[in-house]
Amino acid sequence: MKKLILTLCALVFCSVSAFAADNVLSDEEKADGFQLIFNGQNLDGWRGDTTGYVVEDGVIICKPGGNLYLPKDYKNFIIRFDFQVPPNGNNGLGIRAEMGKDAAYYGMEIQILDDYADCYKTLKPYQYHGSIYGVVPVKRGFTKPAGEWNTEEVTANGSHITVKINGEVVTDADIANITETMDGRQHPGLHNESGAIGFLGHGAKVMFKNVRVKELD
């Protein structure tokens, strides 16, 4: 009986610890220079549509939300976050974006999408999750099904852009010499040196947590 109680206590402790680990920096991240951007409680300091996104139980929820931007602009950086899309969900991560304009063209949009939804089965490779929308295609198959949490890391270091999904590099591109985009459209902000980072709502209840950023030299 005593052994059973100890086991149950250990399980409870592990569960509490796992929950408490959300929206905090690991010791390794602290030493590496990451900054926690989302405090798990509110959107104080964030910019843009701070009413279309809400915070519930330590999670940022797009309801339905427009564009929600981090508190400051960035030049070279690594951003890490966890995300969850509902069935047919669609959002995006705008980087080096000009606030108030379409980040996919006046900056870059890293697509956030339910890749497995039937309604998206005819998209182009430069439109699926992790692509630089309209510009660079993605290696698919590394996102989890809708309703499950995923981890994403995006690095923008000069003209070198990489995207990791659940630990796998899915996009790795040097955009320096891109003058003609895959979608054939004008992307006047593609080569912006700096700009806003933000979540780009498209009406779906997409969720985010554990948002942290490291600025690069």
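The values are calculated or read from the model by the stated rules, or taken from the named source; none is laboratory data. Keep in mind that what you see is a predicted model, and the values were worked out from it rather than measured. Using ideal geometry, Cβ is built from the backbone for each residue, glycine included, and neighbour counts are taken over all protein chains shown.
Of the strands (runs of 3 or more DSSP E) lying entirely inside region 135-204, those containing at least 3 residues that are at pLDDT 95 or above and among the acidic types (Asp, Glu) are 168-174. Taking only region 93-113 into account, find how many residues are of a type outside the set (A, V, I, L, M, F, W, C) and surrounded by fewer than 23 Cβ atoms within 10 Å (Cβ to Cβ). The total comes to 6. The set of residues from region 137-189 being within 16 Å of Ala104 (Cα to Cα), charged (D, E, K, R) and in contact (Cβ under 8 Å) with a residue 12 or more places away in the chain comprises Asp183, Arg185. Taking region 114-137 as the range and being surrounded by fewer than 17 Cβ atoms within 10 Å (Cβ to Cβ) and either under 19 Å from Thr151 (Cα atoms) or of a type in the set (Asp, Glu) (or both) as the test, only Asp118 passes. Scan region 1-41 for residues that are among the small types (Gly, Ala, Ser), assigned to a loop (DSSP other than H, G, I, E, B) and at pLDDT 95 or above and the total you get is 3. Here Met99 meets the list (1) over 20 Å from Tyr69 (Cβ atoms); (2) part of a loop (DSSP other than H, G, I, E, B); (3) not acidic (Asp, Glu) almost entirely, failing just condition (1). Could you please tell me which pairs satisfy a Cβ distance under 9 Å, a separation of 6+ or placement on different chains, a first residue in region 91-111 that is closer than 17 Å to Lys75 by Cα and in contact (Cβ under 8 Å) with a residue 12 or more places away in the chain, and a second residue that is part of a strand (DSSP E or B) and basic (Lys, Arg)? Partner pairs satisfying both residue conditions: Met99/Arg47; Ala103/Arg96; Gly107/Arg96; Met108/Arg96.
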